[in-house]
Amino acid sequence: MSQPSLTIDGLETVYDALAIAIDQAGPEQASLFLVKLALLQANALADPQLFQQQIATALQDL
């Protein structure tokens with residue numbers, strides 16, 4: 001069973017919302033905001049192994 005995915009337009013919408021939220025959090029709180037968001041998303045995903053795979057993928061090519 002494959003995971004649902006966003007369209008390009010959906011990804012652009014999410015990217016824009018995330019960029020705005022990071023700006024609103026400010027440089028001193030951006031890391032805390034991102035950790036809180038990641039934990040909320042991990043909870044919504046409800047799959048620790050998939051979340052760990054996504055962490056590994058996000059770390060590639062930084």
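For the range 7-14, the condition holds for no residue, the condition being that it is at pLDDT 95 or above, touching a helix residue (DSSP H, G or I) at 6+ places or on another chain (Cβ under 7 Å) and in a helix (DSSP H, G or I). Taking the criterion of being part of a helix (DSSP H, G or I) and surrounded by 12 or more Cβ atoms within 10 Å (Cβ to Cβ), the residues of the range 17-38 that qualify are Leu18, Ala21, Ile22, Ala25, Ala30, Phe33, Leu34, Lys36, Leu37, Ala38. The set of residues from the range 39-62 being surrounded by 12 or more Cβ atoms within 10 Å (Cβ to Cβ) and farther than 16 Å from Gln3 by Cα is empty. The set of residues in the range 1-16 being more than 21 Å from Ile55 (Cβ to Cβ) and either aliphatic (A, V, I, L, M) or surrounded by fewer than 10 Cβ atoms within 10 Å (Cβ to Cβ) (or both) consists of Met1, Thr7, Ile8, Asp9.
Okay, residues lined up against (1) in contact (Cβ under 8 Å) with a residue 12 or more places away in the chain; (2) of a type in the set (A, V, I, L, M, F, W, C); (3) in contact with a Pro (Cβ under 7 Å, 6 or more places away or on another chain):
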| position | (1), (2), (3) |
| --- | --- |
| Gly10 | no, no, no |
| Ile22 | yes, yes, no |
| Ala25 | no, yes, no |
| Leu32 | no, yes, no |
| Leu45 | no, yes, no |
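The values are calculated or read from the model by the stated rules, or taken from the named source; none is laboratory data. These numbers come from a predicted model, not from an experiment. All Cβ positions, glycine included, derive from the backbone under ideal geometry; neighbour counts span all protein chains shown.
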